[in-house]
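**Student:** Quick one: the structure is below, and I'll ask about it shortly.
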Ligand code: C2O
Ligand code: CU
């Protein structure tokens with residue numbers, strides 16, 4: 001009312017950029033565009049432009065630059081990082097499904113960057129791949145990203161330039177697209193999981209792009225943080241139901257999380273809803289760039305603590321954090337049904353009957369080394385591999401071709417796909433290492449593993465392909481452009497395991 005009386009914009013118009021104490025950037029409606037839409041220009045616009053003007057874009061701003069972060073805890077040395085808005089992780093961006101978003105990215109680094117909105121199905125010009133979808137954002141420049149997320153879910157953003165250093169030094173943030181109708185949970189929280197290689201004085205170790213590591217597991221670090229800090233405990237209350245959104249933003253670390261004495265239910269993978277199910281063997285597998293949404297029922301005892309353990313690498317298990325129950329009595333007498341079914345997203349179902357089939361063979365790397373044990377133990381080189389590593393040439397390839405760097409390449413596409421057709425790709429891993437394979441611009445069905453159908457209707461944008469396994473994925477090529485298909489172990493990506501699929 002006072003807004004009306006004084007002429008000062010009230011909460012519904014001309015909102016400013018606003019961050020709450022958790023650093024969540026919340027809505028700032030760009031009133032100008034909305035008003036422009038109302039003021040007479042409308043009649044002269046073609047209908048598709050009209051649609052753009054129909055809803056005001058929610059606007060955000062991010063600055064890429066350097067900063068200091070308390071990764072290893074308060075009263076310990078701070079770590080020099082590269083990040084967004086001076087913090088690690090970058091601000092959590094929350095928007096609504098189907099709502100236009102505009103994000104101004106300013107580059108205050110001393111080298112070029114871009115932002116890739118990982119998992120969002122958006123137009124190619126907004127995909128953030130330098131040399132393919134846009135030029136690098138040079139130091140001091142600002143680039144405006146605009147898109148309308150068609151799917152609700154858990155996504156994230158990171159650079160697609162000098163990826164080893166920019167991601168490895170801390171540039172990543174969560175991008176949450178909320179369902180139009182909120183789903184019933186007591187709390188909706190994000191754990192941005194990140195892996196760092198720190199020196200004894202808490203600084204990021206140099207040595208990015210080590211050829212030996214590139215040919216093996218990639219740069220796996222020694223410190224795992226939850227939302228930017230080593231976590232002793234995450235507070236919870238008995239009886240509450242949490243939607244826990246896990247994001248693995250690591251360069252190379254694969255995680256397998258177990259929640260002691262709890263029974264998490266997987267309700268979405270890479271942002272896309274699946275049939276709610278318990279993870280295989282109680283372990284939630286998360287390769288780099290992968291996300292899993294859990295419905296987690298807090299049926300532990302008030303005052304108790306329960307560990308969240310990562311035991312992916314044999315003999316190297318550790319706990320990521322603990323669920324720390326307050327002493328408060330249970331929130332409710334009877335637990336809610338944890339089988340949270342999320343509303344489906346508008347992803348086109350591929351037609352497996354008529355789909356065109358292709359084999360994509362993943363090749364290269366050191367042979368014979370499995371997991372971290374193999375990393376220490378030497379192992380056989382693939383043919384010509386040692387020479388390649390020494391000369392800095394590709395150590396990985398797909399169907400015999402290799403693209404290096406971050407995507408700046410005029411290499412011909414690996415495959416040409418017909419717009420609107422269905423495709424099945426068999427990702428055949430002929431290597432001794434795990435590869436989280438990511439396709440830009442699309443979500444795909446994970447159809448089978450080694451010929452066995454994958455249950456629970458799983459969609460993904462990044463699929464973890466174990467050594468010597470073939471994983472079949474299927475999708476409708478419904479988004480025109482040259483889309484990256486690459487391994488998200490960053491060392492593998494920048495040393496050859498990357499290609500484009502041309503959809504036209
Ligand atoms: Cu998350 Cu091409 O990457
Ligand atoms: Cu890989």
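**Student:** With respect to the numbered conditions (1) buried (at least 24 other Cβ atoms within 10 Å of the Cβ); (2) within 17 Å of residue 107 (Cα to Cα), which one is the sole condition not fulfilled by residue 152?
**Tutor:** The number of the failed condition is (2).
**Student:** In addition: From (1) more than 16 Å from ligand 1 (Cβ to nearest atom); (2) touching a strand residue (DSSP E or B) at 6+ places or on another chain (Cβ under 9 Å); (3) farther than 30 Å from residue 276 by Cβ, pick out the condition that doesn't hold for residue 423.
**Tutor:** Among (1) more than 16 Å from ligand 1 (Cβ to nearest atom); (2) touching a strand residue (DSSP E or B) at 6+ places or on another chain (Cβ under 9 Å); (3) farther than 30 Å from residue 276 by Cβ, residue 423 violates only (3).
**Student:** Okay, moving on. Which count do you get for residues in segment 475-504 that are within 11 Å of ligand 2 (Cβ to nearest atom) and assigned to a strand (DSSP E or B)?
**Tutor:** Residues meeting the conditions: 5.
**Student:** Could you identify the single residue in 340, 316 that is touching a helix residue (DSSP H, G or I) at 6+ places or on another chain (Cβ under 7 Å), in contact (Cβ under 8 Å) with a residue 24 or more places away in the chain and assigned to a loop (DSSP other than H, G, I, E, B)?
**Tutor:** 316
Okay, residues lined up against (1) under 19 Å from residue 403 (Cβ atoms); (2) not in a strand (DSSP E or B):
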| residue | (1), (2) |
| --- | --- |
| 93 | no, no |
| 99 | no, yes |
| 102 | no, no |
| 106 | no, no |
| 110 | no, yes |
| 117 | no, no |
| 128 | yes, yes |
| 143 | no, no |
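**Student:** A further question follows. Look through segment 472-492, keep the residues that are within 14 Å of ligand 1 (Cβ to nearest atom) and within 12 Å of residue 440 (Cβ to Cβ), and return whichever of them is surrounded by the fewest Cβ atoms within 10 Å (Cβ to Cβ).
**Tutor:** 482
**Student:** Something else now. So, in segment 428-444, of the ones that are in a strand (DSSP E or B) and away from ligand 2 (no atom under 11 Å from the Cβ), which residue ends up nearest to residue 153 (Cα to Cα)? It would help to see each step written out before you state the result.
**Tutor:** From segment 428-444, those in a strand (DSSP E or B) are 428-429, 435-439, 444; that's our starting set.
Filter once more, so that each one left must be away from ligand 2 (no atom under 11 Å from the Cβ): 428, 439, 444.
Details: 428: 28, 439: 17, 444: 15 Å.
Checking each candidate, the answer is 444.
Computed from the coordinates by the stated procedures, all read-outs in this text should not be read as laboratory data. Bear in mind that the values here come from a model prediction, so they are computed numbers and not experimental data. Note that we place each Cβ from the backbone using ideal geometry, even for glycine, and neighbour counts take in every protein chain shown.
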